[in-house]
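A short write-up of the structure that comes next.
The values are calculated or read from the model by the stated rules, or taken from the named source; none is laboratory data. The model shown is predicted, which means the values in this text are computed figures rather than measured ones. Cβ placement follows ideal geometry from the backbone for every residue including glycine, while neighbour counts extend to all protein chains displayed. Accessible surface areas use protein heavy atoms only, side chains included; no ligands, DNA or RNA. Shrake-Rupley method; radii C 1.70, N 1.55, O 1.52, S 1.80 Å.
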Amino acid sequence: MIKFFLIVNKQGQTRLSRYYERMEVQRRTLLESDVIKLCLSRSKDQCSFIEYKDFKLVYRQYASLFIVVGIDESENEMAVFELIHNFVEVLDKYFSRVSELDIMFNLDKVHIILDEMLLNGSAVETNKTRILAPLLVLDKVGDS
Amino acid sequence: MASLPCVLLTSCAPGFSEEELVAQIIGKDECPANTQGVKQYPWRIDNKYYCADVNICVVPSTTCVTAQIAETVQAFIVYFDSKTKLGLEKVSAWLPLLEDWVLDVMILVCDRVSEAGVNRQTAQEWCIKHGFELVELNPDELPDEDDDFPESTGVTRIVQALNANVWSNVEMKCEQAFGIFSSLAAVNHPPETSGELQGDQAPAASEGTLEQCRGEDSGNPRDSQVDTIVDPMLDLDIRELASLTSGEGDIENFSRLFTKLQEMKDKAATLPHEQRKLHAEKVAKAFWMAIGGDQDEIEGLSSEEES
């Protein structure tokens, strides 16, 4: 199961967080700063999987942003690693070259995309067109 | 002018020309400085989403921080000498001030990390500890060109980081009206739409799909059948929701939206279990139609029809 999904920048600020398991806000803050420190302090040639407490972290860096996913032992790290990339490719497709600014100012849309892909801590959709379909409909409604 | 947000730029390395860095950030060869004690360079940040006017203030040391700077500072850029082991120590003088300010953008700049002085590991650890980002102006290893998402370096990265901040005086470019809520603008169905719905659908609806769900007027909701597709009160609520999500989308509307939803929720909470389900169903259905959803999709979904 996927426990949480984070997007953080290089200064350690959380740009997006989504939890699939109940966690108090205070604990989230602590966890986020902990997790961010762990990922930021690693060099590029180190492994993208880290054992952390009772779960594992899978992270990938895209330009100045890190995407960090917390998973339990039932999840396949490689699959999650690819899932992160898939998510970024969807963002890239939707925003045509996504940047930190796009995420900051369209957080609602990023959440919609993420929610199309992940439900209850499991990947439910990987097809880019299908992931974006509901969002494009909403955009159309907004435009008309 | 006084209230413009400020980017505090300082150097802890003798001989470093802050002006040059400022010029590179602003992207002009010569920048007129407003010299009144501290040198200030006006800079207009203009990107896809917003415009903001800020001042880049070159402050030589902590003692030169004026009250005005302390009040308006929103980003901090510090250059340090990575060639000496003690390079970072001079930066420490700023830390107590930064703890007070709690800034969103903090960047530690050096020419390039050096094994003889401050190496990458040390600099990186310092940055993580204090919430800074390390930027090398002339990094040793250039980013991989094959990378689809290459990391930017040097001044480009500094400018990028300064852009990725919500300045206090930011002017948004297009009225995004709180993102997806603007999509709900289409909710503003003209009144006749629901009239049509009522006209067209009423025969089917009166079969019992949509009963009066509000308990006040009838002891047993199952006895009273209503021919309106949506409870009038509820319809009013939905309509208000719709108007709140549309167009102007100012901050008051936005918070009103939540109050409204809360009110509707509270109202539902007072109803008996069965009615509450009906109420929820109606809200969901009405909302679905309000956002322009297809009537067919929700046809036959009613819990009433099954029973």
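Within this structure, A:Ser122 passes the test of being of a type in the set (Ser, Thr, Tyr), surrounded by fewer than 16 Cβ atoms within 10 Å (Cβ to Cβ) and in contact with a strand residue (DSSP E or B) (Cβ under 9 Å, 6 or more places away or on another chain).
Only one of the listed residues (A:Leu107, A:Leu38, A:Leu138, A:Leu101) is within 20 Å of A:Arg15 (Cβ to Cβ) and open to solvent by less than 50 Å² (accessible area, probe 1.4 Å). That residue is A:Leu101. Counting the residues of region B:149-200 that are modelled with pLDDT under 75 and in a helix (DSSP H, G or I) gives 18. Counting only helices (runs of 4 or more DSSP H) that sit completely within region B:18-113, those holding 3 or more residues that are charged (D, E, K, R) and either more than 14 Å from every other protein chain (Cβ to nearest Cβ) or at positive phi (or both) correspond to B:18-26. With respect to (1) without any contact (Cβ under 8 Å) to a residue 40 or more places away in the chain; (2) more than 14 Å from chain B (Cβ to nearest Cβ), the lone exception for A:Gln13 is condition (2). If only residues of region B:83-125 that are surrounded by fewer than 17 Cβ atoms within 10 Å (Cβ to Cβ) and β-branched (Val, Ile, Thr) are counted, the one that is farthest from B:Ser17 (Cα to Cα) is B:Val102. Across region B:150-169, the number of residues qualifying as farther than 14 Å from A:Ala63 by Cα and either open to solvent by 40 Å² or more (accessible area, probe 1.4 Å) or not assigned by the TED database to the domain that holds B:Met106 (or both) comes to 3.
Taken as a whole, the condition of being within 14 Å of chain B (Cβ to nearest Cβ) and either out of contact with any strand residue (DSSP E or B) (no Cβ under 9 Å at 6 or more places or on another chain) or among the small types (Gly, Ala, Ser) (or both) does not apply to A:Ala79. Within region B:89-109, residues that are within 20 Å of B:Ile25 (Cβ to Cβ) sit with their Cβ atoms under 8 Å from residues that are of a type in the set (Ser, Thr, Tyr), at 6+ positions apart or across chains, in these pairs: B:Trp94/B:Thr10; B:Trp94/B:Thr62; B:Val109/B:Tyr79. Among the residues of region A:83-96, none qualifies, meaning not one is among the hydrophobic types (A, V, I, L, M, F, W, C) and either in a loop (DSSP other than H, G, I, E, B) or surrounded by fewer than 13 Cβ atoms within 10 Å (Cβ to Cβ) (or both). Only residues that are touching a residue at least 12 places away in the same chain (Cβ under 8 Å) and facing another protein chain (nearest Cβ under 10 Å) were counted across region B:131-146, and they come to 5.
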